[in-house]
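Heads up: the structure comes next, in structure tokens.
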Amino acid sequence: MGVTASSTAPTSGSPATNESREAGGPLSRLPLPSIRLQKGLAVANLIAQVGIMTTGVTVRVTASGLGCETWPRCNEDSFVPVPGVAPALHQGVEFGNRLLTFVLTAVAVALLLAIYRAGRRRELKTLAWAMPAGILAQAVIGGITVLTGLVWWTVALHLLPSMILAWLAAVLLVRIGERDDAPARRVVPRPLTWLTWLSAVLLAGVLVLGTMVTGAGPHAGDARVEAADRLQWPIQWLVHFHAELTVGYLCLVVGLVLGLLALRAEGPAIRRGVVLIVMIVAQAILGVTQYQLGVPELLVVLHVTLAGAITAMTGAIWAAGVLRERVPA
Ligand code: HEM
């Protein structure tokens, strides 16, 4: 293999073993990605996974969900929008969101190739494979959502896998900066690790209830969605459950951070926990405000974007429980 500019930079944090571990075969034709490039791709992947939720919710609140009325084609006989078939704004927003799938895929594939080319450890490869697999699953679920005419629970099921992908993308970003050959050290004791799991479970509950609030709310995704396809439960109750579970989640995260402080936990867990608390409080203020104001579109977009960021931060805290020596950048 020829020496490239990047091959002199650390790639896996175990320079002594790089030569033996990096990929052979057709992949060896690719330049060896530096750790900085791998981290950059992992950051881009996380931004893309949260960003697609921002654009996805924009499709919903602008009522553009059926801007392309079928799937995988946009219209009966065209893969791209046909002028006049639907309002131009709806076509542009929905088709633009579909096109973003290709950007997401390109980033995910580049990250996967970089990890294989650098011969990184199996954990990273598994996390990286989850990205294209999840994007593929989301493309199919998105199609089902359109084909069923935006029934509320299909819209909910379309959002939630993206939250899982954001969580995994954050774990991957944390882990990619760690040496492959260094031993893993548990720095957060098991009982507190259980608390991080429990907080993730509560967050999942908050997210599911959020999608139910949306299912009963005014933003169905298209003016043609029928009442029978909406969740016919009183929205005030759902909002209350959603908000009360948020309070439970917040209390748990505060308890977790206090526990980490008491034990003087090593590493970034405490810092990330404090940032998460600030994010949850901001989300609660945003949530209450949007409810009081009759769910204005812009606030809903911010609410879902922040939900994605909160989910990613929950993943980063979980990942901070076990540390490896970091690769020098
Ligand atoms: C950690 C805290 C929270 C998270 C992670 C969160 C997350 C979410 C999610 C994922 C949705 C569904 C969006 C969609 O389906 O497109 C949602 C909807 C909603 N949330 Fe929250 N939420 C939180 C706290 C709150 C609080 C405290 C309130 C206050 C009442 C609130 C009010 C709402 C409302 C009104 C909706 C419906 C928006 C619509 O009609 O589209 N949220 N939330």
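Shown in residue order for segment 64-74 are the 3J(HN,Hα) couplings computed by the Karplus curve 6.51 cos²θ - 1.76 cosθ + 1.60 at θ = phi - 60°: 9, x, 10, x, 10, 8, 9, 7, x, 6, 7 Hz (x for Gly and Pro). Projected over every direction and averaged, the convex hull enclosing the alpha-carbon atoms of the chain yields 18.4 nm². If you bin all the Cα-Cα distances of segment 162-242 at 5 Å, starting from zero, the percentages per bin are 3, 11, 14, 15, 15, 12, 9, 7, 6, 5, 3, 0. Residue by residue, segment 299-313 carries 3J(HN,Hα) couplings of 5, 5, 4, 5, 4, 6, 4, 5, 4, x, 5, 5, 4, 4, 5 Hz when phi is fed to the Karplus relation 6.51 cos²θ - 1.76 cosθ + 1.60 (θ = phi - 60°); x denotes Gly or Pro.
Cysteines of the chain lacking any other cysteine Cβ under 4.7 Å from their own Cβ: Cys251. Short to long, the 5 Å bins of the Cα pair-distance histogram for segment 118-206 hold 3, 11, 16, 16, 19, 14, 10, 6, 4, 1, 0 percent of all pairs. Exposure proxy shown here: for Ile317, Ile144, Ile35, the number of other Cβ atoms within 10 Å sets the order, fewest to most, as Ile144, Ile35, Ile317.
Coordinate range of the alpha-carbon atoms in segment 19-178 per principal axis, descending: 58, 29, 21 Å. Rg of the Cα atoms in segment 228-280, relative to 2.2 N^0.38 Å, amounts to 1.64.
Around the amide H of Arg326, modelled in the peptide plane, lie the amide H atoms of Arg179, all under 5 Å away and 5 or more residues distant in sequence or on another chain. The Cα atoms of segment 153-291 define a convex hull whose projected area, averaged across directions, is 9.9 nm².
3J(HN,Hα) along segment 252-266: 5, 5, 4, x, 4, 5, 4, x, 5, 5, 4, 8, 6, 4, 6 Hz, from the Karplus curve 6.51 cos²θ - 1.76 cosθ + 1.60 with θ = phi - 60°, whole Hz, x for Gly and Pro. As a ratio to 2.2 N^0.38 Å, the alpha-carbon radius of gyration computed for segment 242-307 takes the value 1.31. Note on Val140/Val85: beta-carbon distance plugged into 1/(1 + (r/R0)^6) with R0 of 30 Å gives a FRET efficiency of 0.80.
We did not get these values from a lab; they are worked out from the coordinates using the rules stated. The model shown is predicted, which means the values in this text are computed figures rather than measured ones. Using ideal geometry, Cβ is built from the backbone for each residue, glycine included, and neighbour counts are taken over all protein chains shown.
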